[in-house]
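The values are calculated or read from the model by the stated rules, or taken from the named source; none is laboratory data. Here the structure is a predicted model, which means the values were calculated and not measured. FYI the Cβ positions are ideal-geometry reconstructions off the backbone, even for glycines, and counts take in every protein chain you see.
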Amino acid sequence: MRDHMFTVQEVEALIHRGDGLLLAGQEPLLRRLPRGNWIGGTIPYFMAGEGGIVDHERIFVHELPFGLRCQGVRRYGSGDIDRVYADLPADGFGVIIMPATSPVHLAFALGAPNFDQFAARPLVGWVSGVHLDDLGTKSPKVFDGTTGEALEEKAVVMHVSVPKGKVAELGVLNIFREGNGPAINFLSSGFSAKEVEVDGKRQNFAQYIKKNGLDTRLPLVADYCGTPINVSYQAVDDANGEVFFYAPVYAGMPYRHAAPVGDYVTEFTSQLPKDLGQRTAFSCNCILNFLYSNLEGKKTANIACPITFGEIAYQLLNQTMAYVTIDSV
Amino acid sequence: MQVPPATHPSWSDLLTGKKAQQPAFMAARMFIVRCRMELTKNKFNADEVRKSAAQLRDLYVKNADCPSVKQDLATLLS
């Protein structure tokens, strides 16, 4: 397994080499880096060679493997993020990082499936965050390495070209499946909900969760033609009868509360496609999997990646590992 | 491998759910779900289905080298 955790000095040397780099780490570390072909986002949680870690001293590095090349870096705000798919290179893919709770994060989360050229080319990436002790005092950021700027309200996208004879493909690994409970239908799309329809009966969702003793560490799951897609619970406000999510729920899409899972690492390893570690150019996994499954100190096969506040594989995902593989044509 | 024309019934069958088999290509899965949410609103209007079928085909053309696209072309769309 390649080493992914590097000191600032070591990352400086990689940047000077000129290759495209995808970085994750604490803000003060990323601020010290020279300009170059890199993008980065703030986060101190990682799955590394030694297992799940919280690291304030080193930077996680995805070096572009397999002859992939950085074709440039673009930035998008909430006003122009709808161009993100249309701008992707015809011979490659994009890696996007956006700051959690920023306007561009919200615009992408709600609107992506309706953007021009949605899913026409692979778009993978993650939502940057902060150490959980710093929630409310520090803001998540992304970095455009070509200028060295830290950005709080923009997404950065690295355009990556794939050499002839190779092809990039996105994948997700989600251990959660729809449970046996009834379908839950939301009356409007968004990051929160008060009223839902369960078995055709309209009711308050917060009360429904309480009455049925639902474990909100398990996500809501929707069936996307065979791919289970999660929406994770952020909070249940019993006083106001409102439930908040880390990704939007969509009206017209039936959701079910996820079935319980046993041991995360066992489930994860059993679902991991063979040789994935050798074919992966980039991956990320969710902070909720890290927290709820106590992944600190544990290994998830040979997968190394940043632990993030949201994953992107075409659209925003929760409690999922997203990855891009490079295969020969 | 040839990508069938937009008029091939498999495209609209995937969109409407008439074809029960699921595509292997993840982009298609996500695109189909997005289309179904819209198409349900306009009761699967024939013009809208045709338009979405052309867009779905375009996804396959643009990603024709992907292993999952090849798999779908050989099984779902032959």
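Annotations for the structure displayed:
- Inspection of region B:14-27 finds a residue satisfying the criterion of being closer than 17 Å to A:ARG121 by Cα, small (Gly, Ala, Ser), free of Cβ contacts under 8 Å to residues at least 40 places away in the same chain and within 8 Å of chain A (Cβ to nearest Cβ).
- All conditions but one from (1) surrounded by fewer than 18 Cβ atoms within 10 Å (Cβ to Cβ); (2) out of contact with any helix residue (DSSP H, G or I) (no Cβ under 9 Å at 6 or more places or on another chain); (3) not in a loop (DSSP other than H, G, I, E, B) apply to A:HIS159; the one that does not is (1).
- Region A:166-183, subset within 14 Å of another protein chain (Cβ to nearest Cβ) and either among the β-branched types (Val, Ile, Thr) or not in a strand (DSSP E or B) (or both), residue nearest to the chain's Cα centre (by Cα): A:VAL172
Here's the yes/no breakdown for (1) within 11 Å of the chain's Cα centre (by Cα); (2) modelled with pLDDT of 95 or more; (3) under 21 Å from A:ASP91 (Cβ atoms):
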site	(1), (2), (3)
B:PHE31	yes, yes, yes
B:THR40	no, no, no
B:PHE44	no, no, no
B:ARG50	yes, yes, no
B:LEU56	yes, yes, no
B:TYR60	yes, yes, yes
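- Of all residues in region B:34-49, exactly one satisfies the criterion of being closer than 18 Å to A:ALA120 by Cβ and either surrounded by fewer than 20 Cβ atoms within 10 Å (Cβ to Cβ) or of a type in the set (Ser, Thr, Tyr) (or both), namely B:GLU38.
- Residue pairs whose Cβ atoms lie under 6 Å apart, sitting 6 or more positions apart in sequence or on different chains, and linking a residue in region A:99-116 that is over 13 Å from A:ALA155 (Cα atoms) to a partner that is among the hydroxyl-bearing types (Ser, Thr, Tyr), are A:PHE115/A:TYR85.
- Being closer than 25 Å to A:ASP134 by Cβ, of a type outside the set (A, V, I, L, M) and in contact (Cβ under 8 Å) with a residue 12 or more places away in the chain holds for only one residue in A:THR269, A:THR308, A:THR280, and it is A:THR308.
- When region A:273-296 is filtered for residues that are hydrophobic (A, V, I, L, M, F, W, C) and crowded, with 17+ Cβ neighbours inside 10 Å, the ones remaining, listed by number, are A:LEU276, A:ALA281, A:PHE282, A:CYS284, A:CYS286, A:ILE287, A:LEU288, A:PHE290, A:LEU295.
- Test: A:PHE191 is touching a Leu at 6+ places or on another chain (Cβ under 9 Å), buried (at least 17 other Cβ atoms within 10 Å of the Cβ) and not in a strand (DSSP E or B): no
- Residue in region B:57-67 that is within 29 Å of A:LEU187 (Cα to Cα), within 13 Å of another protein chain (Cβ to nearest Cβ) and in a loop (DSSP other than H, G, I, E, B) present: no
- Of the residues making up region A:185-201, not a single one is farther than 20 Å from A:ALA109 by Cβ and in contact (Cβ under 8 Å) with a residue 40 or more places away in the chain.
- Conditions (1) more than 28 Å from A:THR325 (Cα to Cα); (2) away from chain A (no Cβ under 14 Å): number failed by B:ALA53: (1)
- Taking region A:251-329 as the region of interest, the strands (runs of 3 or more DSSP E) fully inside it that hold 1 or more residues being more than 14 Å from chain B (Cβ to nearest Cβ), of a type outside the set (Val, Ile, Thr) and in contact with an Asp or Glu (Cβ under 8 Å, 6 or more places away or on another chain) are A:280-286.
- In region B:1-36, the residues that are part of a helix (DSSP H, G or I) and of a type in the set (Val, Ile, Thr): B:THR16, B:ILE32, B:VAL33
- Residue within region B:50-60 that is surrounded by fewer than 20 Cβ atoms within 10 Å (Cβ to Cβ), farther than 23 Å from A:VAL221 by Cα and free of Cβ contacts under 8 Å to residues at least 12 places away in the same chain present: yes
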